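Some notes on the structure that comes next.
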Amino acid sequence: YMIDYNYITKKIKSKGFKLADVANTLGVQYQTLNKNLKNNSLDTIQKVSEVIGVSFFELLLPPEGFTHFYDEQDRWLGIVRKYPYSQEADSMQLKERFEQEQPKEGEE
């Protein structure tokens with residue numbers, strides 16, 4: 001997993017928050033929050049995830065070959081391996097493929 005300042009700040013904005021609001025909620029100066037995020041402070045990232053209501057891991061870039069996995073309601077379900085044959089697969093297709101990984105009764 002990689003920590004990426006730009007990715008984290010985009011995720012904060014996508015959840016409807018501003019960095020200044022998150023800093024205020026945490027009771028720290030904007031500059032302090034910004035510095036801690038740029039310095040990859042895991043403690044700060046954990047606190048930010050709690051404020052914006054996401055999993056800590058959702059704020060991390062997954063390793064190469066993996067992607068964040070969301071359901072139809074845009075709820076984060078985890079990190080899954082990308083399918084090499086379909087970079088454009090939407091979350092529904094990924095979910096269906098994920099559910100099909102368990103063998104059905106009678107199959108070996």
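Using the Cα atoms of the stretch 1-88, I'd like the radius of gyration and the largest Cα-Cα distance, Dmax, both in angstrom.
Just the Cα atoms of the stretch 1-88 yield Rg and Dmax of 13.9, 46 Å.
Determine the alpha carbon to alpha carbon distance for each of Lys13/Lys38; Lys18/Lys38; Lys18/Lys82 and list only those over 27 Å.
Too far apart for the 27 Å limit: Lys18/Lys82.
Bear in mind that the values in this text are calculations on the coordinates, not laboratory data. The model shown is predicted, which means the values in this text are computed figures rather than measured ones.
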